[in-house]
1. Scanning the range 302-327 for residues that are in a loop (DSSP other than H, G, I, E, B) and crowded, with 21+ Cβ neighbours inside 10 Å, which turns out modelled with the lowest pLDDT?
2. Going by the conditions given, is I145 buried (at least 20 other Cβ atoms within 10 Å of the Cβ) and modelled with pLDDT under 85?
3. Residues of the range 258-285 being part of a helix (DSSP H, G or I) and in contact with a strand residue (DSSP E or B) (Cβ under 8 Å, 6 or more places away or on another chain), which ones?
4. Can you tell me how many residues in the range 152-182 are touching an Asp or Glu at 6+ places or on another chain (Cβ under 8 Å), part of a strand (DSSP E or B), over 28 Å from V76 (Cα atoms) and of a type outside the set (V, I, T)?
5. Among the residues of the range 230-268, write down those that are among the charged types (D, E, K, R) and either exposed (fewer than 15 other Cβ atoms within 10 Å of the Cβ) or under 30 Å from P130 (Cβ atoms) (or both).
6. If you go through the range 14-42 one residue at a time, how many are surrounded by fewer than 23 Cβ atoms within 10 Å (Cβ to Cβ) and outside any helix (DSSP H, G or I)?
7. With respect to the numbered conditions (1) farther than 30 Å from V33 by Cβ; (2) out of contact with any helix residue (DSSP H, G or I) (no Cβ under 7 Å at 6 or more places or on another chain); (3) surrounded by 14 or more Cβ atoms within 10 Å (Cβ to Cβ), which one is the sole condition not fulfilled by R166?
8. Give me the residue from the range 86-131 that is under 20 Å from R143 (Cβ atoms) and of a type in the set (S, T, N, Q) and, out of that set, surrounded by the fewest Cβ atoms within 10 Å (Cβ to Cβ).
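The values are calculated or read from the model by the stated rules, or taken from the named source; none is laboratory data. Note that the structure is a prediction, hence the values are computed from the model and not measured. We place every Cβ from the backbone using ideal geometry, glycine too, and count neighbours over all the protein chains shown.
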Amino acid sequence: FSLNFYRHSFNPDENAIKSPVSVQATLSLLYHVASNSTAGEMQAILGLPAAKKNPIPSLVEFLNSTGGSDSVLRMVSKVYHSPEDLNPKFLPLLQDSYRVEVEKADFKQKQKVADSVNRWVKSSTNGLIPDLITASDLKDNDRLILLNAITLDAKWEHPFPKSSARKTFHFVDGDHDVDIMSMDEEVLCGNLGDLNLLELPYESETDLSMLFVMPKNGSLHDFVDQLTLEFYERLNGALKLEYGTVEIPKFSINSKVKAKDVLQSMGLGSAFEVKAFKVFARKPAQLSELRQKAVINVFETGTTAAAVTEGQLVFHTVPSELFIGNRPFVYLIRRTSTKEIVFIGHYSHYKQ
């Protein structure tokens, strides 16, 4: 799902950071109360199990592994709903299986609801995302808001030296000097056709790493078009441990994505139709909007990110240049052990 979502949402004209797993988790909460036709689409596109009544094992496992307040990767969810009663089969799943915070809200008081949502978002993302919605974003017939926040605050296993240099980066909109971090280290790197690859691990206990994929001559668009699960596995197979020089830019990206448009283009249109979900005890409901706001900061000591998871040193006299990140690249933050993607995006445009 993550690669499919990224391909369908890819916009080469702007830098991006997205968390498909956050979108997937939000939608998965509704799977249990989806109509048969909507459930069929969700099962196919989100890769969900056939049994709607039971908690989704993969989601429960992910939430359990990211639930601690001291976790470097943390995911939390909240549901705001109108005063009418929720489907009695839905509420226990939310609270007991998925540990979702549930709160009643008067949607006629739009500013009050928006303020409450934004306070929760700011708190849940450690201030990285200060707000998500305004009162004008709320519609008169809104009765349910689903929120999911995922945050990352991880340190590199091998931090870059604090001193960075201004070097030229070849953006798609022209060359500009940016702060480049450099180190000589033993890292996983490789080449696959036109692609230069680098994987940098975060501290070992996090089971997280960041994979950089940089086309040497071709465009990001060409690479993203072929980024299927099979090709992703080929990228992983091309990585090998080598010692040498690594250079990447320091960068910060914040972006928004209208997930509704992306999901409809992926074939999940029925989720946004009337009577798609039996969330409430007496009335059906539809998902009127789904949006995501995300932030990432990459610097010498590590990475912070949010969306609403030591090698032996080998000495050489002259380190070879393994990965010189001075061209547009795609990056993926993922579980090191399973290769499950948590964040995905690209860095291609100059921004002061």
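1. T309
2. Judged against the criteria, I145 is a match.
3. At the first step, the residues of the range 258-285 found to be part of a helix (DSSP H, G or I) are 259-265, 269-272.
Those that are part of a helix (DSSP H, G or I) and in contact with a strand residue (DSSP E or B) (Cβ under 8 Å, 6 or more places away or on another chain): A259, K260, A271.
4. Here the count works out to 6.
5. Narrowing the range 230-268 to residues among the charged types (D, E, K, R): 230, 233-234, 240, 242, 247, 250, 256, 258, 260-261.
Selection gives E230, E233, R234, K240, K250, K256, K258, K260, D261.
6. Final tally of qualifying residues: 4.
7. (3)
8. Only one residue fits best here, namely Q111.
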